[in-house]
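Following: one structure in structure tokens, then a few remarks.
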Amino acid sequence: MKQTINWQQRWTDNSIRFHEGKVNKFLANYIDQFALNPAATIFFPLCGKSYDMQWCIDRGYKVIGVELSEIAVQDFISESKIGFEKHSTDSFNIYRSEHITLYQGDYMGLTAADLEGCQLVFDRAAIIAIEAFNRRSYVEQLISIIPKSTPILMISREYDQRSRSGPPFSVPLSEIQQLFSPSYLCRVLEDEQLSGADGLQVLQRALIIS
Ligand SMILES: C[S@@+](CC[C@H](N)C(=O)[O-])C[C@H]1O[C@@H](n2cnc3c(N)ncnc32)[C@H](O)[C@@H]1O
């Protein structure tokens, strides 16, 4: 995916304020709504080194993540203390262990075969990390690689984009609905009002897309 944001550089500079370092509260609060099988597979697009993946593994789920930055993947591997086997293809370095597979490379290179059996997508800071001109490609790719009718738990943000450049970008509900239409419908689970240090009002939203 062609991007103007240099994510590799952000990881090199350790400029990763998006990294929560603990489980995302919406994931923890809403995962039961999906009535997943005990060993269900959850896909984390643009996963960074999110602790959410470890949290899901600790609960018996299987995890698939894709991340551009080798630094992020190596950080996750060393922090998780899981032993991984590595192999490489034309598109990815692939790190595999019993409960998790991490694809290091461009999300656009994933195929449906890579996500076979996936039962939930958790999009936290993924669609809102993508510039507007790329969001349709991001969503079309997602819909084309996940098994049909796989639900998506998405955490989005909405604010006056004129006040801040992003990322995270403001991605209004109407845009999300349009991007996923007509295959999917969006249902808002929760809206949370956040106030930035600069006084900017940000609406954080948890939604199910199914
Ligand atoms: C805002 S961060 C969110 C990371 C993670 N979801 C979290 O909640 O901490 C966005 C991540 O997307 C990764 N990324 C950006 N473009 C990508 C691409 N085309 N393929 C895979 N990963 C990408 C970046 O390196 C960065 O780690």
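Counting the residues of the range 101-135 that are under 29 Å from Leu203 (Cα atoms), more than 14 Å from the chain's Cα centre (by Cα) and within 14 Å of the ligand (Cβ to nearest atom) gives 3.
Quick check: is even one residue across the range 12-20 among the hydroxyl-bearing types (Ser, Thr, Tyr), touching a strand residue (DSSP E or B) at 6+ places or on another chain (Cβ under 6 Å) and more than 9 Å from the ligand (Cβ to nearest atom)? No, the range 12-20 contains no residue that is among the hydroxyl-bearing types (Ser, Thr, Tyr), touching a strand residue (DSSP E or B) at 6+ places or on another chain (Cβ under 6 Å) and more than 9 Å from the ligand (Cβ to nearest atom). Filtering the range 41-78 down to residues that are within 13 Å of the ligand (Cβ to nearest atom) and among the acidic types (Asp, Glu), which residue is nearest to Phe122 (Cα to Cα)? Top of the filtered list is Asp52. Within the range 150-196, the set of residues being surrounded by 19 or more Cβ atoms within 10 Å (Cβ to Cβ) and among the hydroxyl-bearing types (Ser, Thr, Tyr) comprises Thr150, Ser156, Tyr159, Ser170, Tyr184. Of all residues in the range 24-36, those satisfying the criterion of being more than 11 Å from the ligand (Cβ to nearest atom) and outside any helix (DSSP H, G or I) are Ala35, Leu36. Among the candidates Met154, Met108, the residue that is touching a helix residue (DSSP H, G or I) at 6+ places or on another chain (Cβ under 8 Å), farther than 25 Å from Asn37 by Cα and of a type in the set (A, V, I, L, M, F, W, C) is uniquely Met108. Of the residues that make up the range 25-43, is at least one of a type in the set (Gly, Ala, Ser), in contact with an Asp or Glu (Cβ under 8 Å, 6 or more places away or on another chain) and either at pLDDT 95 or above or buried (at least 16 other Cβ atoms within 10 Å of the Cβ) (or both)? No: zero hits. Do we find that Asp114 is more than 30 Å from Gln161 (Cβ to Cβ), charged (D, E, K, R), surrounded by fewer than 19 Cβ atoms within 10 Å (Cβ to Cβ) and free of Cβ contacts under 8 Å to residues at least 40 places away in the same chain in this structure? Criteria not met by Asp114. When the range 56-74 is filtered for residues that are within 20 Å of Asn24 (Cα to Cα) and surrounded by fewer than 18 Cβ atoms within 10 Å (Cβ to Cβ), the ones remaining, listed by number, are Asp58, Arg59, Gly60.
The values are calculated or read from the model by the stated rules, or taken from the named source; none is laboratory data. These numbers were taken from a predicted model, which means no experiment stands behind them. Glycine gets a Cβ as well: all are built from the backbone with ideal geometry, and neighbour counts include every protein chain shown.
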